[in-house]
Amino acid sequence: MVAKGKASAKRKQQKEEEVEEEVEKQVKAPKRSKKQEEEEHKAAEAAAAKAAADEAEASEEEDAEGESDDEGEDGEGDGEPLNTDIFEAELKQREEELGKHCMVVGALDEEDEEEEEEDEDEDGKQPSLEQLRALARVFVPKKVEEYYAELAVELSKIGGSESEEEDDEDEEGMDPAMKAMMAEAGFSFRMLNTRHSYPMQDLLKASLAKADKAIKSNKWEDGFCHWAATVQAARRETHWFQDTDVPEVVEAIYEKLRTQWVKLQKRSDEELGGLVVEGAASSKEAFSAFLQALADELQGMEYTAKDVVKS
């Protein structure tokens with residue numbers, strides 16, 4: 001306790017001596033003219049302004065470096081194209097060479113997908129070119145692309161703001177005025193629920209009816225094109241079976257896809273429009289696996305869906 005008091009008294013004495021020294025310096029310092037004071041003031045302001053400008057410039061450089069780092073992590077802005085972009089360019093070139101449309105019907109193996117997710121978590125890496133080039137793909141008549149585009153457009157309209165009259169507040173609780181503001185700002189969205197599965201199912205059934213008509217008339221290429229467009233749409237727009245209360249309709253659509261394929265896979269690649277397959281043993285094997293993937297999804301949701309019969 002005594003030692004602490006002595007230390008405090010010593011610090012107080014040192015502080016008093018410092019103040020006395022500062023007062024003595026100011027007293028001894030020569031008096032400056034008003035002009036000198038103004039010049040010194042201006043110099044101080046200029047120095048402060050320069051320091052502020054330097055700090056702002058340094059901050060901008062740091063921000064630019066940060067954006068560059070972010071772009072590098074995303075695989076953009078570093079001057080090197082993504083593997084997916086390279087692969088898509090290769091497919092486009094093959095389409096032009098063959099005069100056909102490419103359907104990528106293969107998928108990355110589960111192990112590859114897990115590795116890809118780990119890579120993305122670590123440094124944003126994409127699938128390797130080797131993985132992408134190993135994917136099964138079939139070059140089909142361009143009519144498949146046309147039929148699919150028509151079907152996809154109609155499916156995408158379901159649940160959109162233009163597809164139906166809205167109540168004062170929609171079933172998801174969003175005010176129509178807010179939806180209008182979002183649409184005007186460029187946001188595209190759909191509010192999907194169970195009732196939207198019905199028109200989707202109707203569109204798929206109508207497309208399958210076209211395939212049926214062509215197959216019964218032995219128009220194998222047109223039948224195949226409608227079938228391929230429908231199965232692609234059914235795989236990509238999954239709401240028709242993921243949120244519905246009419247499971248029997250879902251099962252009927254899949255069964256129609258399956259039985260049509262049983263007939264189509266008996267025809268030659270030439271009869272179906274001159275199919276060209278890459279990344280798989282045959283076009284029949286590739287499309288059977290593509291359709292089986294849909295069966296697996298349905299079976300996982302406890303629908304009744306038979307496995308695809310391979311020729």
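Could you list the residues of the stretch 221-241 with an amide nitrogen less than 11 Å from a label point located 7 Å from the Cα of MET301 in the Cα-to-C-beta direction? Output list for this probe position: 235, 237-241. Extension gain, ARG190 to GLU96: 0.36 nm times the residue separation minus the Cα-Cα distance gives 30.4 nm.
Bear in mind that the values in this text are calculations on the coordinates, not laboratory data. Remember, it's a predicted structure, so these values are computed and weren't measured experimentally. All Cβ positions, glycine included, derive from the backbone under ideal geometry; neighbour counts span all protein chains shown.
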